[in-house]
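One structure is given below, encoded as structure tokens.
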Amino acid sequence: MEVSISVPLPHSPYQVKIAPGILHHLGDHLLPLKLGKKVLLVSNPEIFEYYGKLAIESLTKANFQVSVHLVPAGESYKTPESLLAIYNSALENYLERSSTMVALGGGVIGDMTGYAAASWLRGINFVQVPTSLLAMVDASIGGKTGVNHPKGKNLIGAFYQPRLVLIDPMVLSTLPTREFRAGMAEVIKYGIIWDEELFERLEQTEKIDDFASIPPELLQLILARSCQAKVDVVSQDEKESGIRAILNYGHTIGHAIESLTGYTTINHGEAVAIGMVIAGKMALKLDLWKAEQDRRQKLLIQKSGLPTEIPSQIDPQDVLESLKTDKKVKEGLIRFILPKTIGEVIISDKVSSELIVSSLS
């Protein structure tokens, strides 16, 4: 059964379509968008090996002319150098303003392809076909695109909305378990910031730490409710001037952990999971929420097979220093998203350096 969620942005509305097997019909779903004939499919070698042929066949059948650009897998390749390589492919394949870049991959591929599309010829069409749980529920929706700077994550980027997001839950069958768990961190995030019912449904499910354990109807519900939560927030605040900042729950500390570990030992979802635990500790120390709620959050994160402690090699003072370059700093103050209860958070710049360090210890 196909679920279609509208993203009602005033200047760039689009659809998020979720259905098992929908990747087979990628070309058919692009046709009504009245795009140009040329498509640059951007992926990584691992994903392309699984799903590249299927995507190309579907696009070719719909009379699109397809060229391919592959970026090595991993956050460490989310760089200006990789971006330049995408531009070179766009040039070599004579992409025009009516042409389209299709991102077939996880969050790294989606973010980079989106930024390449936003900046090539001052903006060409862009379609998201996320293949990781994390990208499906988070990175593919909302128009945040970019690459990392050596000193911080996603410091180079733009808001640029896709024309379509196409989600096929079946591709998660080939996703490594560690990456599936990383995606569950973002799902839990939506439960904490927006959707108490989703959080409780995850609590009631016996096993949620791998794809095989989750019944198809529950997976469809997880995807639909997570995507709807993101759409609800983004449609109120496209450029993150207000409420959209709540989507960064767990990300402030999380991005610092990723940066300090060189984007190699801790993946994004694991870092966010740790960041949510730290934010929970801060909220507890500030009497924002109760110990029982903090315990429930930590238990659900552990149940998803995710870490809850900061890596031992990281110095809390280094985290503090890293936070100063975070995009969420406003007028020199670090803004944290802190939980009030399951289903509701607040944005606060009243978190002291002492509280940060004590919560990290």
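The values are calculated or read from the model by the stated rules, or taken from the named source; none is laboratory data. If you're wondering where the values come from, they're calculated on a predicted model, not measured in any experiment. Glycine also receives a Cβ, built like all others from the backbone with ideal geometry; neighbour counts cover every protein chain displayed.
Computed values, structure above
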quantity: Matching entry among 59, 35, 41, 104 (being of a type in the set (A, V, I, L, M, F, W, C) and in a helix (DSSP H, G or I)); calculated: 59
quantity: In the stretch 262-297, the residues that are over 22 Å from residue 346 (Cα atoms), touching a helix residue (DSSP H, G or I) at 6+ places or on another chain (Cβ under 8 Å) and in a loop (DSSP other than H, G, I, E, B); calculated: 262, 263, 264, 266, 267
quantity: Test for residue 68: is it at pLDDT 95 or above, of a type outside the set (Phe, Trp, Tyr) and closer than 30 Å to residue 254 by Cβ; calculated: no
quantity: Subset of the stretch 9-18 (residues that are surrounded by fewer than 20 Cβ atoms within 10 Å (Cβ to Cβ) and either assigned to a strand (DSSP E or B) or touching a helix residue (DSSP H, G or I) at 6+ places or on another chain (Cβ under 8 Å) (or both)); calculated: 9, 15, 17
quantity: One residue from 123, 105 being of a type outside the set (Asp, Glu) and closer than 30 Å to residue 257 by Cβ; calculated: 105
quantity: Candidate set: the stretch 19-28, residues that are among the small types (Gly, Ala, Ser) and more than 17 Å from residue 162 (Cα to Cα); chosen: the one surrounded by the most Cβ atoms within 10 Å (Cβ to Cβ); calculated: 19
quantity: Filter result for residue 104 (closer than 20 Å to residue 132 by Cα, in contact with an Asp or Glu (Cβ under 6 Å, 6 or more places away or on another chain) and at pLDDT 95 or above); calculated: no
quantity: Condition met for residue 170 (touching a strand residue (DSSP E or B) at 6+ places or on another chain (Cβ under 7 Å), assigned to a helix (DSSP H, G or I) and under 20 Å from residue 222 (Cα atoms)); calculated: no
quantity: Residue in the stretch 116-139 that is assigned by TED's automatic domain parsing to the domain that holds residue 72, surrounded by fewer than 24 Cβ atoms within 10 Å (Cβ to Cβ), in a strand (DSSP E or B) and of a type in the set (Gly, Ala, Ser) present; calculated: no
quantity: Residue in the stretch 199-252 that is surrounded by the most Cβ atoms within 10 Å (Cβ to Cβ), counting only those that are of a type in the set (Phe, Trp, Tyr) and out of contact with any strand residue (DSSP E or B) (no Cβ under 8 Å at 6 or more places or on another chain); calculated: 199
quantity: Options 156, 141, 109; residue that is under 14 Å from the mean Cα position of the chain (by Cα) and farther than 21 Å from residue 343 by Cβ; calculated: 109
quantity: Restricting the stretch 62-101 to residues that are part of a loop (DSSP other than H, G, I, E, B) and among the charged types (D, E, K, R), the residue that is nearest to residue 132 (Cα to Cα); calculated: 78
quantity: Yes/no for residue 88 being in contact with a strand residue (DSSP E or B) (Cβ under 8 Å, 6 or more places away or on another chain) and more than 17 Å from residue 154 (Cβ to Cβ); calculated: no
quantity: Checklist (1) touching a residue at least 12 places away in the same chain (Cβ under 8 Å); (2) surrounded by fewer than 21 Cβ atoms within 10 Å (Cβ to Cβ) applied to residue 268, failing item; calculated: (2)
quantity: Exclusive hit being over 28 Å from residue 242 (Cα atoms) and either β-branched (Val, Ile, Thr) or not assigned by TED's automatic domain parsing to the domain that holds residue 137 (or both), set 342, 310, 334; calculated: 310
quantity: Residue tally, condition of a type in the set (Lys, Arg) and closer than 20 Å to residue 142 by Cβ, over the stretch 242-301; calculated: 1
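Condition check ((1) of a type in the set (A, V, I, L, M); (2) touching a Gly at 6+ places or on another chain (Cβ under 9 Å); (3) buried (at least 18 other Cβ atoms within 10 Å of the Cβ)) across all residues:
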| position | (1), (2), (3) |
| --- | --- |
| 30 | yes, no, yes |
| 36 | no, no, no |
| 40 | yes, no, yes |
| 49 | no, no, no |
| 55 | yes, yes, yes |
| 59 | yes, yes, yes |
| 68 | yes, yes, no |
